[in-house]
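Quick notes on the structure that follows.
The values are calculated or read from the model by the stated rules, or taken from the named source; none is laboratory data. Keep in mind that what you see is a predicted model, and the values were worked out from it rather than measured. We place every Cβ from the backbone using ideal geometry, glycine too, and count neighbours over all the protein chains shown.
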Amino acid sequence: MNPPIRWGVLGSGGIARRRTIPEGIAPASNARLAAVFDTNTAVNAEVARQFHAAPAASIPKLLQADVDAVYIATPPALHRDQTLACARAGKHVLCEKPLGLSVADAITMIDACAQARVRLGTAFMMRFHAHHQAALQLLRDGTLGQPVFARAQLSCWYPPIPGAWRQDPVTGGGGALMDMGGHCLDLLEMFFGPARAVHCFTHHTVHPYASEDSAVVSIQFQNGALGVIDTFFCLPDEASQNRLELYGSRGSLLARGTLGQGASGEMIATLRDQPSDYDARQARPATGGHSIAPPPVNPYQAEIEEFSRALLEHREPALGGTLGVRSQRLLAACYESARTGKATGVD
């Protein structure tokens with residue numbers, strides 16, 4: 001057997017401490033946490049103690065440690081330079097989305113890793129959710145028919161917090177659209193293929209911080225299907241069902257609670273074996289469909305194991321840097337549309 005991939009973490013607080021270390025790196029069959037760094041030295045020491053890792057005193061010290069790959073979970077404004085530093089040190093990188101603050105940042109990150117011959121991955125962990133993989137298989141099998149319409153809703157309550165980097169576009173690149181809408185855009189392209197154009201509206205509806213707390217995106221896909229994404233930082237957590245809806249010429253897949261950080265949720269499929277004749281009554285049963293219930297998969301563990309496996313097999317990771325560049329292109333088109341009030345094509 002190959003030895004496990006030794007992981008370092010930049011930004012050991014936040015999502016790394018809450019999710020990626022305890023649910024991803026720690027239980028992964030082919031990974032081991034070796035070293036951690038955070039600007040909050042007290043938090044970093046606690047994480048190191050809890051997960052039996054070495055607390056690094058600085059980024060250079062972490063990069064000098066015995067690590068194969070680095071998970072970057074810092075604010076987006078730091079992603080480019082930290083990725084470049086990792087590449088120079090010969091360390092593979094799994095970077096939280098977005099890759100930097102712009103398309104140019106993301107391309108620079110890809111080029112630096114390619115030149116250093118290290119792998120770059122983008123942490124779109126929601127792709128690994130068991131329900132999302134089951135839905136993708138049904139689409140690939142043609143069970144849903146011709147794709148017609150998709151909707152992704154991902155919202156939360158995120159009130160003003162001093163120093164919160166997601167609330168300042170200088171540090172986070174944007175608000176609800178950049179942070180949560182990026183996941184939704186990525187997932188809908190996974191299901192329906194590339195987008196051709198977007199029409200986006202953003203707003204500061206409730207909260208007064210600099211980043212948008214509200215965004216809605218209409219999407220036209222290259223295959224002719226349409227889509228909508230709605231994402232908000234100003235809806236109570238219990239009020240937002242985080243819906244995913246996929247419609248095709250043979251039925252629908254309707255999910256609740258699969259968009260987010262957990263492995264839970266439910267999905268109902270309402271499908272026809274073949275097209276039927278027109279029914280003038282348009283009758284709809286009060287209940288129907290059947291549950292899609294694949295064995296749950298922790299998306300963080302799946303993400304870490306896949307990236308580690310790619311390194312052990314000397315191949316590109318399934319969620320590589322090109323996904324991060326694509327995400328930045330989509331987001332840039334959305335923000336341009338919101339600025340101009342017009343539909344914007346996606347390169």
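Structure data summary
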{"item": "Matching residues, the range 44-73, being assigned to a helix (DSSP H, G or I), in contact with a helix residue (DSSP H, G or I) (Cβ under 7 Å, 6 or more places away or on another chain) and surrounded by 21 or more Cβ atoms within 10 Å (Cβ to Cβ)", "result": "VAL47, LEU63"}
{"item": "Hits in the range 145-168 - residues which are surrounded by 17 or more Cβ atoms within 10 Å (Cβ to Cβ) and closer than 14 Å to GLY227 by Cβ", "result": "PRO147, VAL148, ALA150, ARG151, ALA152, GLN153, LEU154"}
{"item": "Residues being in a strand (DSSP E or B) and farther than 16 Å from ALA85 by Cβ - total across the range 119-136", "result": "3"}
{"item": "Count of residues meeting criterion [closer than 13 Å to LEU94 by Cβ, in contact with a helix residue (DSSP H, G or I) (Cβ under 6 Å, 6 or more places away or on another chain) and small (Gly, Ala, Ser)] in the range 1-38", "result": "4"}
{"item": "Among the candidates THR83, THR39, residue that is under 22 Å from the mean Cα position of the chain (by Cα), of a type in the set (S, T, N, Q), closer than 20 Å to GLY173 by Cβ and not in a strand (DSSP E or B)", "result": "THR83"}
{"item": "Residue under evaluation ALA269, criteria (1) in contact with a Cys (Cβ under 9 Å, 6 or more places away or on another chain); (2) assigned by TED's automatic domain parsing to the domain that holds TYR247, criterion not met", "result": "(1)"}
{"item": "Residue in the range 90-118 that is farthest from ALA77 (Cα to Cα), counting only those that are assigned to a loop (DSSP other than H, G, I, E, B) and over 18 Å from the mean Cα position of the chain (by Cα)", "result": "ARG117"}
{"item": "Close pairs (7 angstrom Cβ cut-off, 6 or more residues apart or separate chains): at pLDDT 95 or above in the range 180-201, of a type in the set (D, E, K, R) anywhere", "result": "GLY182/LYS97; LEU187/ARG127; MET190/ARG127; ALA195/GLU189"}
{"item": "The listed residue being in contact with a Lys or Arg (Cβ under 6 Å, 6 or more places away or on another chain), closer than 15 Å to SER327 by Cβ and not polar (S, T, N, Q), out of ASP186, ASP179", "result": "ASP179"}
{"item": "Candidates PRO76, PRO27 - the one that is surrounded by fewer than 18 Cβ atoms within 10 Å (Cβ to Cβ), under 21 Å from the mean Cα position of the chain (by Cα) and at pLDDT 95 or above", "result": "PRO27"}
